[in-house]
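Taken together, the values in this text are just the output of simple stated rules run on the coordinates, not laboratory data. Keep in mind the model is a prediction, meaning the values are calculated, not measured. Positions of Cβ are generated from backbone atoms using ideal geometry, with glycine treated the same way; all protein chains shown enter the neighbour counts.
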Amino acid sequence: TPVKLTTDHLANFVGPEELAMLQPMVTVADQLLRSGTGAGHDYTDWVHLASQFDSAELVQIQQAAAKIKNQSKVLVVVGIGGSYLGARAVIDFLSDYFNSAYPDGDRDFPQILFAGNSISPSYLNSLIKLIGDRDFSVNVISKSGTTTEPAIAFRVLKELLENRYGHQAARDRIYVTTDANQGALKTLADQQGYEKFVIPAGVGGRFSVLTAVGLLPIAAAGFDIDQLLAGAKEAENAYRSADLSQNPAYQYAAYRNILYRKGYTTELLVNYEPTLVQIGEWWKQLQGESEGKDGKGIFTATGNFSTDLHSFGQYIQEGRRNLFETVLRVKNPVSDLAVPTGQAEDGLGYLEGENLSYVNRMASEGTLLAHVAGGVPNLLVEIDKQDEFTLGHLLYFFEIAVGVSGYLNGVNPFNQPGVEAYKQNMFALLNKPGYEDLHQQFQDQGLI
Ligand code: PA5
């Protein structure tokens, strides 16, 4: 398997009998998930997405990606939360580090830029400046079709497209990914005749990376979505047993649950490769939005090492003992580099000729031992390499784990009611029609 879970470093924190004690609960959680009888069961179609992917849709995605490549130097992907984090994570994971800094001439595929994931005017202005006079296309992604952040960004970019190319030609550069039957974006796409891609009703945003939501931007960026799906399909098979001893993804879920019950309420997903930073962002949403509800759940954060070891590494080593870490490590980096020889003055003689991958690995081993000794339980998830197949497998590993983990903790892992609270207040403050009462209340309180 391209994803390996190691739990040896939990020895001081979790006894061997504790995992076995959770087996009956895991069996029930697995049944709830797979039989479609658990809370939120209408949103579990992601479990078999890769193995049941519609081949005609795959062709449509590939064709649209090829069309975007022909027509544009830049693709702006407009979306927020589950409608962008997956694509961004996959593209960063597979890309050359400074890909976005290369001039167009050095790029085989369009540059992918992300918009609509904040309301910052400066960000959008800078993005427009970066597009400059290069040809661009837009993929706007929103399941509800009504989310404010992407709706605003899309309005701005649509206007830019129409001003530059005219109404008719602008239409040919807009790709819409949304619900099959409802929402403002769907209505707009139908009216204007934009090319449409569907977010399946039974797949929530944070589980949608292996639908057109993720696959179109990923294919447009030049990556192999067949391999990504193949990896996920392999993982469907690898993690289908309810038996903990046979299922590393369920082991991960069960150990997290055991640690959580002991008071380890914050989990850091740790990486040693900057191309994994966005995987951390995707994971943070997947776990945090699925489990943080009803007054419970593990708080999810990330550690980008060794960078952060020179920052909040101090806290991890000696601060409040409510943390555990899941180290996500790449066994074989994309490329290697040896420490040059013959410069005695800098004190690095002992590293001469060593590969940086070796030094990085020793940094991760040393950190792991130090943190465990400092009272921070550590799990290790190791992947062989950074390619599409491995990533597809890894994404599914975390998805299936969180499905079971949510049920183990007695929550519906597939809703996100808390996301609405800020929106209500924002709409009322902005005097959106339908929010008059709350607007009045805020006025009475002198807030506006
Ligand atoms: O995971 C989720 O459900 C959310 O993060 C949504 O993806 C996010 O709020 C964007 O929603 P929409 O796709 O409806 O614009």
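Worth a mention:
- Only Cα pairs under 8 Å and 6+ residues apart enter the sum, and on that basis the relative contact order of segment 358-448 stands at 10 percent.
- When the P(r) of segment 20-112 is calculated, the portion above 22 Å amounts to 53% of the C-alpha pairs.
- Entry note, the chain: relative contact order of 23 percent, from Cα contacts under 8 Å with a spacing of 6+ residues.
- Cα centroid of segment 23-64 to Cα centroid of segment 178-221, whole Å: 17 Å
- 3J(HN,Hα) along segment 255-270, derived from phi through the Karplus expression 6.51 cos²θ - 1.76 cosθ + 1.60 where θ = phi - 60°, amounts to 5, 4, 5, 4, 4, 4, 5, 8, x, 7, 9, 10, 10, 9, 8, 10 Hz, with x in place of Gly and Pro.
- Exposure proxy shown here: for F207, F114, the number of other Cβ atoms within 10 Å sets the order, fewest to most, as F114, F207.
- Ordering of 157-169, 366-378 by packing is 366-378, 157-169, highest average first (other Cβ atoms within 10 Å, averaged per residue).
- Largest-first principal axis extents, alpha carbons of segment 199-295, Å: 45, 33, 28
- Computed [θ] at 222 nm, helices only, for the chain once each DSSP H run of length n ≥ 4 contributes -39500 (n - 2.57): -15000 deg cm²/dmol
- Among 324-335, 307-318, sorting by the average number of other beta carbon atoms lying within 10 angstrom of each residue, highest first, gives 324-335, 307-318.
- Computed on the Cα atoms alone, the convex hull of segment 398-448 gives a volume of 114 cubic angstrom per residue.
- Angle of helix 148-171 to the longest C-alpha principal axis of the chain, folded into 0 to 90 degrees and rounded to 10: 50°.
- Difference of contour (0.36 nm per residue) and Cα-Cα distance, Y102 to Q168: 20.6 nm
- Partner aspartates and glutamates whose Cα lies under 14 Å from the Cα of K196, excluding those fewer than 8 positions away in the same chain, are identified as E57, D172, D179.
- Each peptide in 274-285, 431-442 was scored by the mean count of other Cβ atoms within 10 Å over its residues; highest first, the order is 274-285, 431-442.
- When both segment 326-387 and segment 74-125 are represented by their alpha-carbon centers, they are found 29 Å apart.
- Electrostatic bookkeeping for I128 treats Lys and Arg as +1 and Asp and Glu as -1; over the other residues with beta carbon under 12 Å from its beta carbon, the sum is +1.
- With Cα atoms, 0 to 90° folded angle of helix 121-131 axis to the chain main axis: 80 degrees
- Looking at the chain alone, DSSP beta bridges between its own residues are antiparallel in about 15 percent of cases.
- Value of relative contact order over segment 140-219, rounded to a whole percent, pairs C-alpha under 8 Å and six or more apart: 30 percent
- Between F197 and V176, T177, T178, the built amide H atoms are under 5 Å apart, and every one of these is 5 or more places off in sequence or on another chain.
- Using only alpha carbons, the chain has a radius of gyration to Kirkwood radius ratio (Rg to Rh) of 0.99.
- Calculated FRET efficiency for the pair Q440/V339, C-beta based, R₀ 56 Å, to 0.05: 0.25
- Global form of segment 47-205, assessed from the alpha-carbon gyration tensor, a/c cut-off 1.5: rounded
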